[in-house]
1. First measure r as the distance between the Cβ atoms of Ser19 and Met104, then evaluate 1/(1 + (r/R0)^6) with R0 = 22 Å and state the FRET efficiency to the nearest 0.05.
2. Going by how many other Cβ atoms sit within 10 Å of their own, how do Asp160, Asp192 line up, fewest first?
3. Determine, for Leu103, Leu119, Leu63, the number of other Cβ atoms within 10 Å of each Cβ, and report the residues in order from fewest to most.
4. What is the set of long-range amide H partners of Lys75 at a cut-off below 5 Å, with H atoms built 1.01 Å from backbone N?
5. Please state the charge dipole magnitude for the stretch 133-254, taken about the Cα centre, from unit charges on C-beta atoms (+1 on K and R, -1 on D and E), reported in debye and rounded to the nearest 20.
6. Under 5 Å between amide hydrogens, which residues at least 5 positions from Arg50 or on another chain qualify, with H placed 1.01 Å from N in the peptide plane?
7. If you place +1 on the Cβ of every Lys and Arg, -1 on the Cβ of every Asp and Glu, and leave all else neutral, what size is the dipole of the chain about its Cα centre, to the nearest 20 Debye?
8. Calculate for the chain the 222 nm mean residue ellipticity that helices alone would give, adding -39,500 (n - 2.57) per DSSP H run of length 4 or more and normalising by residue count, nearest 500 deg cm²/dmol.
Amino acid sequence: MGSFGEVHFALPFWYQLSSFVILGAIWGSFAAALCSRWLRGEQVSHGRSRCDACQTVLAVGDLVPVLSYMWLRGKCRYCGQGIGAGALYTELTSAAMGLVAILMLPSEAALAAAIFGWLLLPLMILDYQRLWLPNRLIWTLAGAGSLGGYFLLPDMVWTDRAFGGIFGYLCLEAIRQGFRKFRNVEGMGGGDPRLFGAIGIWLGWQFLPFTLLLACLVGFAHVAAAYVGDKRRVLHLPFGSYLCVAAYALAVFG
Ligand SMILES: [Zn+2]
């Protein structure tokens, strides 16, 4: 890290803590907008933010993460239409990811872990909502990992991460092809092996078996919770979302 890191991390802990939380909330707001626009088939840079109901262009005061939603009590200021809580949850999750990272890890590793989590967040949302892992986001995650992985786990040699990228991709791709060949079903999306490879670049190959195991446990918990909740079977399992949750959890707690 250069002088920025040294100056920033020499500041009091409460300052670091609040900057991670605020940065997380702002990123969450952006990630929520990105996901909802992509799910509607729009460009991210598609003009200013508007109310979904009345199409009024929102002012800066309407767009403050978390606070605007609470201040406006979840309603549009102009037409009174309820705003979905999806963006609020995304902002809170993103802020919490920053908070947990700075609480659990030393400063530079915490920043790397927070960035890892923040890049996983839109993938987690899009796979959950549409079983969709956009390549652009996976390549961004992989690219950031080639640098960020060093700060997250400084003791790991770079070959472990390079091998993690290759091994992660090939391992899940082999399972996916196996499913298609022998069971004749699409057991996994094509994005999952690429996502697993990108996670391998961040964490190194050593963490991949644990990531896979934890992802399965997260998936099991999801299915169980859905069954207890409304007795419905979860038909499409967003395995990519489970991988994202598992990878972030291992980065901060592992
Ligand atoms: Zn409105």
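Coordinate-derived values only; no laboratory data. The structure presented is a predicted model; accordingly, all values stated were derived computationally and were not measured. Here Cβ is always computed from backbone atoms with ideal geometry, including for glycine, and neighbour counts include all displayed protein chains.
1. So the FRET efficiency works out to roughly 0.85.
2. On the way: Asp160 18, Asp192 25.
In increasing order of surrounding Cβ atoms, one gets Asp160, Asp192.
3. On the way: Leu103 12, Leu119 24, Leu63 15.
Lowest to highest Cβ neighbour count: Leu103, Leu63, Leu119.
4. Answer set, sorted by chain and number: Ile83.
5. Dipole magnitude for the stretch 133-254 comes out near 480 debye.
6. Amide H to amide H, under 5 Å and 5 or more residues apart or across chains, Arg50 pairs with Leu58.
7. 940 debye
8. -23000 deg cm²/dmol
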